[in-house]
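Reviewing the structure listed below.
The values are calculated or read from the model by the stated rules, or taken from the named source; none is laboratory data. Small disclaimer: the values here were computed from a predicted structure and weren't measured. Heads up, the Cβs are rebuilt from the backbone with ideal geometry, glycines too, and the neighbour counts pull from every protein chain shown.
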């Protein structure tokens, strides 16, 4: 699971806190998302007949927005998988309520910078769950398709197909699968990354390349 972002939004659509784990170009900014989330939630509530209905997951293109309500605010985690991190949503929501109960229950506008220290707590939680690439490297923004792969130059095709076979791998692994030297494979991987097809992450001290399935 790749986690792209986390939002904490109050019932009025104000973004109390947001944190991006991948490129911020992949997801909407917190102000826009807060407005869209609240509008969609209100619309969905109007058309459903279930009094206790609660929106849990919203899929838009290749991303999934998993949400859980905690009364005066909602926690939203954006991932690339339909199955949401339920335990993490619950833990973050309860912890945020504990840390900032007084601020979030105020009727007047608070200084949202008061919530910034909570970002460190979020980082610790996500590191413990090993859900997020903490290396700060670019993650995939595009998916491979059969037609798309064969539109690539031959050297990039070879590298892309090798990575698809391996699912993820080190430079050495991919170079061996390609039957190429590591210099050439490095050039191809860098090109594919710039094009948005692959990402890099650190795992157990090794740099791994991966793609979005």
Taking the stated definitions as given, is residue 201 over 17 Å from the mean Cα position of the chain (by Cα) and either surrounded by fewer than 16 Cβ atoms within 10 Å (Cβ to Cβ) or at pLDDT below 90 (or both)?
no
Suppose we keep only residues that are free of Cβ contacts under 8 Å to residues at least 60 places away in the same chain and touching a strand residue (DSSP E or B) at 6+ places or on another chain (Cβ under 9 Å) within segment 184-206. Which one would you say is farthest from residue 158 (Cα to Cα)?
203
Does residue 150 qualify as being surrounded by 16 or more Cβ atoms within 10 Å (Cβ to Cβ) and either touching a strand residue (DSSP E or B) at 6+ places or on another chain (Cβ under 9 Å) or not assigned by TED's automatic domain parsing to the domain that holds residue 80 (or both)?
no
Among (1) at pLDDT below 70; (2) loosely packed, with under 12 Cβ neighbours inside 10 Å; (3) assigned to a helix (DSSP H, G or I), the one test that residue 45 misses:
(2)
Within segment 1-28, residues under 13 Å from the mean Cα position of the chain (by Cα), within 23 Å of residue 114 (Cβ to Cβ) and either at pLDDT 75 or above or not in a helix (DSSP H, G or I) (or both) come out as 5, 6, 7, 18, 19, 20, 21
crowded, with 17+ Cβ neighbours inside 10 Å and in a strand (DSSP E or B): which single residue out of 208, 189 fits that description?
208
In segment 195-205, what residues are closer than 14 Å to residue 144 by Cα and not in a strand (DSSP E or B)?
195, 196, 197
